[in-house]
Amino acid sequence: MQTARTAAGPTVLDALSLLSEVADELVLRTVRDTHVAVLDRVHGLGRRATGASGRSAGEALHRGIAAAVYGGLGAGLRAASRGLDRAAATGRGPRLEDDVRGRFLSAAVNGLIGDRLQQERPRLAIPLAVRVGGRDVAAEPVALAAAFPEPRRRVAVLLHGLCESDAAWQVHRTAVGTTYPQTLVELGWTPVVLRMNSGLPLRENGVALTALLQTLVDAWPGGVEQVALVGHSMGALVMRAAGAVATDVEAPWTRLVTDVVSLGAPHLGAPLASYVGHGSAALGRLPESAGFGRILDWRSVGVHDLVAGLAEDVPPLPEARYRLVSATLTRSPRHPVGAVLGDLLVRQPSAYGRTRGRPDLFPDAETLHVPRADHFDLLNHADVHAALRRWLA
């Protein structure tokens with residue numbers, strides 16, 4: 001049950017307070033540390049060239065002025081953040097949830113530092129929830145009956161990826177003419193769209209998801225006969241993690257899952273997430289660039305988890321049919337560009353859970369390749385619509 005404060009949601013003042021904190025901890029600190037590192041390098045070379053053993057008066061003055069300027073700016077930003085926090089606690093200011101741009105910003109920030117938000121700024125942390133019309137819906141009978149006035153006994157659950165939200169399924173709606181939720185309705189399913197804090201660890205989100213889905217199934221008006229899971233990118237990994245959570249429930253939701261559709265999921269990891277980590281380590285080797293490496297290190301545990309994906313200890317649900325969708329920027333996945341870049345974020349072997357030297361994660365799965373498409377095209381693509389009509393009719 002959400003508290004009244006959480007239900008009220010974060011406001012623009014919460015976002016501005018976070019911005020002030022980031023400006024202090026990352027931007028100002030990075031500029032200061034880089035400035036000091038360059039200063040040390042230049043004056044160090046000068047001392048070695050002249051044989052001087054200590055700091056010159058000019059260097060000492062430079063350092064003193066810099067310390068005063070950076071200290072004053074930092075104090076001002078911290079004071080601004082505290083003041084904005086006090087104002088936000090009163091509920092003042094427009095709510096982020098009331099604006100499309102605000103919801104987009106909230107989802108992106110949660111993906112990047114959602115684990116930190118949950119600990120330090122819970123008002124800005126997105127709770128895992130059913131979403132209808134841009135609002136959270138409690139997974140309890142009265143609220144579900146009101147939100148889904150014509151519920152079917154076949155329920156399709158859709159979960160977005162990193163830095164995305166429930167609105168992600170509306171991508172390319174004008175160009176394609178429909179969305180996956182609309183297609184699912186035509187096929188006799190009730191689509192249930194979720195939103196999560198994608199910056200949390202995969203397995204932590206998996207535990208939360210299995211609890212939510214069990215509650216949803218138990219409270220669903222008219223009962224549930226079948227469950228289909230549709231996950232984009234990280235969303236599919238969280239669904240896998242949820243399915244592996246041990247439970248002593250007499251009738252677990254996992255027994256109802258007949259179909260799992262994975263859209264561009266990095267089951268074996270995403271190269272870009274790995275490159276970020278390597279870049280952070282490389283930048284940290286020099287004092288002059290260490291501050292920029294610290295910026296990369298602010299990334300959430302959720303981003304870290306995408307480096308390796310989910311290992312073989314998270315098996316597929318035994319009764320479910322798995323459908324794995326990949327995309328490549330090229331027509332053929334064997335093209336050198338397509339093989340290396342995949343859909344820009346995920347390569348085809350990772351999307352299919354297949355690689356040399358390791359057992360297939362989904363040995364009986366059906367696969368679909370979408371050519372000349374990027375990672376986010378998989379959120380709404382004509383080829384996937386056609387496949388859904390075959391798979392879930």
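The values are calculated or read from the model by the stated rules, or taken from the named source; none is laboratory data. The shown structure was predicted, so the numbers you read here are calculated from the model rather than taken from an experiment. Note that we place each Cβ from the backbone using ideal geometry, even for glycine, and neighbour counts take in every protein chain shown.
Numbers below:
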| item | result |
| --- | --- |
| Criterion: surrounded by fewer than 18 Cβ atoms within 10 Å (Cβ to Cβ) and either in contact with a helix residue (DSSP H, G or I) (Cβ under 6 Å, 6 or more places away or on another chain) or polar (S, T, N, Q) (or both) - qualifying residue of Gly161, Gly177, Gly74, Gly133 | Gly74 |
| Boolean, Phe376 is part of a loop (DSSP other than H, G, I, E, B), closer than 25 Å to Leu187 by Cβ and either touching a strand residue (DSSP E or B) at 6+ places or on another chain (Cβ under 9 Å) or acidic (Asp, Glu) (or both) | no |
| Residue list for region 170-195, restricted to those being hydrophobic (A, V, I, L, M, F, W, C) and under 17 Å from Val260 (Cβ atoms) | Leu184, Leu187, Trp189, Val192, Val193, Leu194 |
| Whichever residue in region 250-268 is surrounded by fewer than 22 Cβ atoms within 10 Å (Cβ to Cβ) and farther than 17 Å from Val155 by Cβ and, among such residues, is farthest from the chain's Cα centre (by Cα) | Glu250 |
| Any hit, region 237-247, residues being surrounded by fewer than 24 Cβ atoms within 10 Å (Cβ to Cβ), touching a residue at least 60 places away in the same chain (Cβ under 8 Å) and assigned to a helix (DSSP H, G or I) | yes |
| Residue in region 103-126 that is within 26 Å of Trp220 (Cα to Cα), in contact with a helix residue (DSSP H, G or I) (Cβ under 6 Å, 6 or more places away or on another chain), touching a residue at least 12 places away in the same chain (Cβ under 8 Å) and not small (Gly, Ala, Ser) present | yes |
| Residue match in region 352-368 (condition: in the same structural domain as Thr190 (by TED's automatic domain parsing) and in a helix (DSSP H, G or I)) | yes |
